[in-house]
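Enquirer: Below is a structure I'd like to ask you about.
Taken together, the values in this text are just the output of simple stated rules run on the coordinates, not laboratory data. If you're wondering where the values come from, they're calculated on a predicted model, not measured in any experiment. Ideal geometry is used to build each Cβ from the backbone, glycine not excepted, and the neighbour counts take in all protein chains shown.
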Amino acid sequence: MLRRSPDSPPARWPLCPWPHCGHRDGLELGMPAGPVPGAWENWPRKERCRRWLPTAVCGQPVLSDRIVGGQASQIGAWPWQVSVGWKGRHFCSGSLVAQQWVVSAAHCFRLNPFSDITVTLGAYQLANRSSKSQTVPVAQVIRNTAFNGTGTRGDIALLRLQRPMNYTPYFLPVCVPFPSAVFPEGMACFVTGWGNIGFDEPLPFPQTLQQVQVSLIDVDRCNEMYNVPPTGSNSVKDTMICAGYKEGGKDACLGDSGGPLVCAQNDSWFLVGIVSWGQGCALPYRPGVYTRVTSYGDWLQRYVPGLRFGIVPIALEGGGNHFKLFTSTPLVTFSLSLLLPFLQWEFLR
């Protein structure tokens, strides 16, 4: 949509050239609220660049800059990330994939009574509940029947929420890749969560959502790493994917279980992996092991009505209004989760 400026506008408002504006079809140039302070050309670009709500798509945050490797992001950068709680206490993470469905790890749901499980959407700081977040009970937990403990296949679960949730800029679905999608080794991706930041070192107050960039590692090379020193076993299956670095230093950890490993393609974030297991945290030759989502596409579609793969358009709550892509006031940021190597044993995260 193009709009005219009341202050000697150009005959036609050009498309917003700012690279941080995200996908082209969901953008327009909107006028700031209140009197126009001067010529259109002098307006701050962040005041010009706005998003038309009904044209959002999965995997594209609307509240923050695009993610740049090594930098902290703002609130709303990972709007599909959810906190899974038991009796009000966070114990695992998950990813919103549809209005009533969250994907998580099967190993998170072996002991807890399902009736006491809740999901908090729009969570950012666990210790500071935001008015923009919503907590909803879980009506059903569906675990993949192939899962049978640490290192086995099928470490994936679906949570059906008690009611469908309207999408807002604070909680949006991540894109689910086609089963045939390829995410090559060495691709830079992100894992996010509220897990430990070191040995017996929980995330400190106010428990702000952490992100860390990791590199994808194929199964064969991951098994080679896990055989240093030689063990003679191939513990990483073809339904899994690894991410991290040979030298260690960056990884998911205890408390991150069920959370997303996401990779960007065509300006959208795709759910490539689910935090599953590892040997220690951030140790050399011990990258994190994730459930490979492309291996479970048929299983996901069997239970989630109307689930579509790829980049899917969605409608945000409040359609017809405008929502500024950037705010004029600073937002709280969070730092990378750089985990200290420790204790070499295998565990579910």
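Enquirer: Across the stretch 172-210, what is the number of residues that are of a type in the set (Ser, Thr, Tyr) and buried (at least 23 other Cβ atoms within 10 Å of the Cβ)? Working first, answer last.
Expert: Initially, the stretch 172-210 is screened for residues of a type in the set (Ser, Thr, Tyr), giving 180, 192, 208.
Checking the rest, the ones that are also buried (at least 23 other Cβ atoms within 10 Å of the Cβ) come to 192.
Selection size over the stretch 172-210: 1.
Enquirer: What about Pro169, is it in contact (Cβ under 8 Å) with a residue 12 or more places away in the chain and surrounded by fewer than 19 Cβ atoms within 10 Å (Cβ to Cβ)?
Expert: Judged against the criteria, Pro169 is not a match.
Enquirer: Can I ask one more? One residue is enough: does the stretch 117-126 have a residue meeting the conditions in contact (Cβ under 8 Å) with a residue 40 or more places away in the chain, touching a Cys at 6+ places or on another chain (Cβ under 6 Å) and within 20 Å of Thr291 (Cβ to Cβ)? Talk me through it step by step, then tell me what you get.
Expert: Residues of the stretch 117-126 in contact (Cβ under 8 Å) with a residue 40 or more places away in the chain: 117, 119, 121-126.
Then keep just the ones that are touching a Cys at 6+ places or on another chain (Cβ under 6 Å); that gives none.
No, the stretch 117-126 contains no residue that is in contact (Cβ under 8 Å) with a residue 40 or more places away in the chain, touching a Cys at 6+ places or on another chain (Cβ under 6 Å) and within 20 Å of Thr291 (Cβ to Cβ).
Enquirer: Shifting gears a bit: Can you pull out the residues in the stretch 157-201 that are among the β-branched types (Val, Ile, Thr) and in contact with a Gly (Cβ under 9 Å, 6 or more places away or on another chain)?
Expert: Taking the stretch 157-201 first, the residues among the β-branched types (Val, Ile, Thr) are 168, 174, 176, 182, 191-192, 197.
Hits for the stretch 157-201 are Thr168, Val174, Val176, Val191, Thr192.
Enquirer: Restricting to the stretch 274-304, give me the number of residues that are out of contact with any Gly (no Cβ under 9 Å at 6 or more places or on another chain), part of a helix (DSSP H, G or I) and of a type outside the set (D, E, K, R).
Expert: Qualifying residue count for the region: 6.
Enquirer: Still on this model: With the requirement that a residue be among the charged types (D, E, K, R) and either in a loop (DSSP other than H, G, I, E, B) or more than 30 Å from Ser235 (Cα to Cα) (or both), what does the stretch 124-160 give you? Walk me through it before giving the result.
Expert: Within the stretch 124-160, the subset among the charged types (D, E, K, R) is 129, 132, 143, 153, 155, 160.
If the condition is that a residue be among the charged types (D, E, K, R) and either in a loop (DSSP other than H, G, I, E, B) or more than 30 Å from Ser235 (Cα to Cα) (or both), then Arg129, Lys132, Arg153, Asp155, Arg160 are the ones that fit.
Enquirer: So which residues in the stretch 108-132 are under 29 Å from Thr152 (Cβ atoms) and of a type outside the set (Gly, Ala, Ser)?
Expert: Cys108, Phe109, Arg110, Leu111, Asn112, Pro113, Phe114, Asp116, Ile117, Thr118, Val119, Thr120
Enquirer: Report every pair of residues separated by at least 6 positions or lying on different chains whose Cβ atoms are under 6 Å apart, first residue within the stretch 72-99 and free of Cβ contacts under 8 Å to residues at least 40 places away in the same chain, second assigned to a strand (DSSP E or B).
Expert: Trp86/Ile117
Enquirer: Turning to a different aspect of this structure: With the requirement that a residue be assigned to a loop (DSSP other than H, G, I, E, B) and closer than 18 Å to Val82 by Cα, what does the stretch 179-201 give you?
Expert: The answer is Trp194, Gly195, Asn196.
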